[in-house]
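Take a look at the structure set out below.
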Amino acid sequence: MLSLALVVIALPITAAATETDDAVIYDASEISPFKDRTLQDVADHYSAARYAGETYIDSDSSTWYSTPSSTSAPYAAGVLTEDTHEAMTAMTNFYRWLVGVPELTATSQHSDSLQAQALDRNFEFDHFISNSSKPEDMDEDLWNEGFACDHNILARWYTPQGAITGWINEGYSTYYQEWDTLGHRYALIGSDCSDVQFGYSGSIAIGKNVSSQNTMETPFAAFPAPGYMPTSLVSPSSSAWSVELNNAAVTVEDSSAVVITITNLSTGEAYQRTEADGTAQVSNWTISFVQPPADERYSGEYTVEITGLTDAVTGKAAVIRYTTNFIDITETAASYITEAAGDISQYVIYQSMADSLEKVAAILPDEITVTSEIGGSATIPVSGAWTVDESNNCFVNSADANLLPSHMTDKNGLLEKIMIPYTISDDWYDSFNTLSIRPDTVSLGDTVTFRVYRTLVSTDSSQIFKLTENEDGTYSAVKKFDSSTSSDFDKELSDENEPYHIYNHTAVAEDNGEYISVYFDSTDVDWGGISFYVSTDTKTLTVACNHIYGDPVIENRKDATCTENGSYDSVVYCTACGEELSRTTITVDKTDHTTSEAVRENEKAATCTKAGSYDSVVYCSVCGKELSREMVEIPMTEHEYISHVTEPTCTEKGYTTYTCSQCNDSYTDNYTDALGHDYVMTITKNPTADESGEMKYTCSRCNDSYTEVIPALGHTWDKGVVTKEATCTETGIKTYTCTDPGCKKTYTEVIAALGHTAGEPVRENETAATCTKTGAYDSVVYCTVCGEELQRTTEIIDRIDHTASEAVRENEETATCTKAGSYDSVVYCSVCGRELSRETVEVPVLEHEYKSSVTKPTCTEKGYTTYICSHCGDSYTDNYTDALGHTYVDGVCTLCGTKEPVEHVHSYGDPVFTWNEDHSAANAAFTCIDGDDKQIIECVITSEITSEGNTVYTATVEFNNETYSNTQIVAAPNTPEVPNEPEVPAVPGVPEVPVKPDTPTDSDSSNKPGSVTDSNKPSTNVTTPDNSNSSAVKTGDSQNPVIWGTLMVMSIVGLVIVLFKKKRYSK
């Protein structure tokens, strides 16, 4: 199926056109919503659609179904989740919003029919299918349920949401240069569509246009859309461009007159499309035209102008214009990251570096590339150093999610633990992934050659890092060389010496240190990530320098102040290499304080009651330190009184008050007597039989008042009647009645409760005491009248004594002849079993019982008697007798059979030479032919270069007055038949080709551009130690006959002595 969508322009038609004398122009830049739409608006709408349906994940099919589908027995159409339906509807509505038509009025729901139709079309991909496509083991009813075609659109191999984009991206194939249907596009984003239902089963997506009730409000709609258009949603190879016309605004009177002009504003190229040349298809309501060419994606702005149309209102010519701005939505739309390892697939580490993984960790990147779910990427720093997780074969780090771009989140927590895998390889080919440094000891300014051997010859990149060990034992690294950026990389020489990458570098002092290398194929980023092949070991470069002392320079200067000494470092550097040779810290004495003008502090103003004061303070104007402080007193001031007359009242005297205006000090004088009250009497309430009356007195001057009670006239009461008897707990009532004529009022009095009558205490809930537990009972007092419980007290009964049983033995340890025994004598209570006493009793140590065993003397060992205790095994020896000594007869001891010793002289065979890797040193090993001695001698190494450019190394050693030598020939670097590195001994049955095939199987060899097959593997011969050119002198040669004559005479004398001894002992 093809992919992408149609864009529609939306705005009320009355505001959409600009009328001229000749034509009515419909320009999207003046039509809402396009004229107001921003890039962020498009990004936000896309994200909302992409992540609609809370549980739906486009890349995870397990989230699509509530009941899974199955395209093999037992077959099942499956049931999509509500969130999957929501996601498909939301993506459809995004395209409808993008093109400017109204959203669908309904959300897709589950349909048994559509699911069954989708299932059947897994076996024949067509709208109308044949019964012959039915799998033999599929149920007939299930097949028949989906056999009929009750749908509009069909797609295969898409995700549910991806099918929406696929349906919209169709119309014209640039590969076949032929038209395809645009019906699927209009089934989704046709302006009148209002309800589209979806199904999905197996790999088939299906859709059905159920209702067409929407109304188009804009004069036209276009795909790709006017304004900002996500370029990832348009396929240049399959998606025709199209415009839907609103016939209430624009019509087509003559399809042959319609001309579409597309202009690429970046290049200025213009493309014309007409019905006549087959590049356009025109109907009364749609115009489809062949898309402009592009490589993979569109970028930049394209304008579209369509002429030959008619304005439906005025009858004038009509023109449609719009500009589409293709943008990368992944850099703006909100999304979450799904990949945090960036372009790195793994690090391949040969087993020789398995114990140095922390060094490899040091060369991992300080930044990682994260990828979002929609394909966007960003680079952020890692949080610290990479660590090694050997249990999971990976390097581990983390990153701060707050450093992600604002449109990215880490909702799955991938940045909390970033893992980059590594593989510990034992592959023979990987043993050749070497780094070499020649020479490895140089002086400043010398040329150093770094060489990276790439067993995988199709790789195109290499890097070399300098390692530094930190104080905590970890490592850090600096990238020193990179084949893609370093000027020291000699590409021409590297090409001539394939598979080496060669760097020629002028040594500087900073080059001292340890190095490690990697090589890789940078194009692997397009094939699942880059594999980095790590060198089999690290190499060390030493840069020597005859230091030249420069003049001292001042560093870390700290000026002296009046509070602190100053200091500076006097440092001497080497003028050749820059190394620090000496550093001396010089102290500078403090300076004097600088006195400032005195200032006032803590000032207190003087008043008429208290003297004031202030501190006169002098500070250092440089450091602010207080140098002196003196308190100065300010004299008191005089009072300033103001008088105020207070007139007398009914209750208070009159007087004059004098108040100081400065301090509020005051006094009073000139008193006059109080006037007294002048009360007027008024009855405010008349008394009745039940209520008292009231008389009020009010002062005529101050309104002070008070009241007096006029007593109530009162009732005449009878003697009263008991209306409720009192009990032990409740009060009684006595009622009194007024006897006055016509008055029937009553009042009551309370008769106090009688109270309880306590009886004798009785026992309840009694529990007997034992020897382990106290007893108890409740002492209860009840009322003898009403029986109510008046008091309950729990009384405790003391425990009774334990009953001691006979003592028993426990923890008994038997006495031996080396250790006393013991046991515990324990007494328990015979009733409750509690331990009453425990005493440890000791059992005395037993005597040893030794048995003797005699060991007779031998020729070389003394005899003795051994005494061993039969109980504990203790032993000692005594009664020693002397060794017998050997008695030799015919050279053999008659007692033990030992041969009589004869003096031995070593005789050594040919030496075996061992060379180091770069032929700078060798050892010669001499082994006695009897195998009882071996001598290893360091050789003297000389070298010369032949006319062919080969290097001949000769190792020479002297031993036992003889001279031996061994020669090694190393081919020149430009001789492909004899590469001088790596030097690996030829192994029978193993091909001598240190070039690793790029692909493990024939089936994978064509999957990647530039892959190496058996036919194009470079052939490389491996240099092996060659002892055929050795000039080693063999033992027994006639080069020193004097030594051999002397040895022969000594052998004859020794033989005579042996025979003499044999004869003497045989007498």
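Just so you know, all these numbers are worked out from the coordinates, no wet-lab data involved. Predicted model, so just to flag it, every value in this text is computed and none were measured. Ideal geometry is used to build each Cβ from the backbone, glycine not excepted, and the neighbour counts take in all protein chains shown.
Spin-label model, THR698/TYR850: points 7 Å from Cα along the beta carbon direction are separated by 13.6 nm. For GluC sites (Glu not before Pro), the sites in the range 582-658 that DSSP calls loop and that have at most 15 other Cβ atoms within 10 Å are GLU597, GLU638, GLU640, GLU652. For the pair the range 558-617 and the range 667-729, the centres of their Cα atoms are 86 angstrom apart.
If a spin label sat at a point 7 angstrom from the Cα of LYS35 along the line to its beta carbon, the backbone N atoms of the range 278-322 nearer than 15 Å would be those of 321-322. Can you list the aspartates and glutamates whose alpha carbon is less than 18 Å from that of LYS604, not counting same-chain residues fewer than 8 positions off? List returned: ASP615, GLU630, GLU633, GLU638. Hydrodynamic estimate: the Kirkwood radius of the range 839-951 over Cα pairs, inserted into Stokes-Einstein at 4 °C and 1.567 mPa s, corresponds to D of 60 µm²/s. Only the Cβ atoms of Lys and Arg (+1) and of Asp and Glu (-1) were treated as charged; on that basis the dipole of the chain about its Cα centre amounts to roughly 2020 debye. Across the cross-link table entries LYS411/LYS480; LYS862/LYS934; LYS479/LYS539, which are compared at the Cα atoms, the separations over 26 Å belong to LYS411/LYS480; LYS862/LYS934. Working from label points 7 Å from Cα in the Cα-to-Cβ sense, the ARG838 to THR684 distance is 9.1 nm. Over 28 Å apart at the Cα level, from the set LYS696/LYS745; LYS417/LYS491; LYS359/LYS417, are LYS696/LYS745; LYS417/LYS491. Tell me the label only: which of [x] 70; [y] 56; [z] 41 is percent of Cα pairs over 49 Å apart as calculated from this structure? Matching the structure shown: [x].
Evaluated with a Cβ-only charge set (Lys, Arg +1; Asp, Glu -1), the range 850-893 carries a dipole of roughly 120 debye about its Cα centre, given to the nearest 20. Long hydrophobic helices in the chain: the complete DSSP H runs spanning 30 Å or more by Cα along their own axis with mean Kyte-Doolittle hydropathy of at least -1.0 are 1041-1066. The distance linking the range 290-336 with the range 845-917 is 107 Å (Cα centroid to Cα centroid, whole angstrom).
Placing R0 at 35 angstrom, the Cβ-Cβ distance between ASP180 and SER484 gives a FRET efficiency of 0.25 after rounding to 0.05. Each of ARG96, ARG438, ARG763 was scored by other Cβ atoms within 10 Å of its Cβ. Arranged with the fewest first, they read ARG763, ARG438, ARG96. On a per residue basis, the convex hull of the C-alpha atoms belonging to the range 508-607 measures out at 302 Å³. Would you mind getting me the FRET efficiency between LYS625 and THR587? Use the beta-carbon distance for r and R0 = 25 Å, nearest 0.05. With a Förster radius of 25 Å, E is 0.75. Here is how the number arises for the chain: DSSP H runs of 4 or more residues each give -39500 (n - 2.57), the sum is divided by the residue count, and the result at 222 nm is -3000 deg cm²/dmol. The phi-based Karplus calculation (6.51 cos²θ - 1.76 cosθ + 1.60; θ = phi - 60°) puts the 3J(HN,Hα) values of the range 815-823 at 6, 10, 7, 10, 8, 5, x, 6, 7 Hz, whole numbers, x for Gly and Pro. Which of rounded, prolate or oblate describes the range 170-327 when judged by the alpha-carbon gyration tensor and an a/c cut-off of 1.5? Because a/c hits 1.5 or more and a/b fails to exceed b/c, the range 170-327 counts as oblate.
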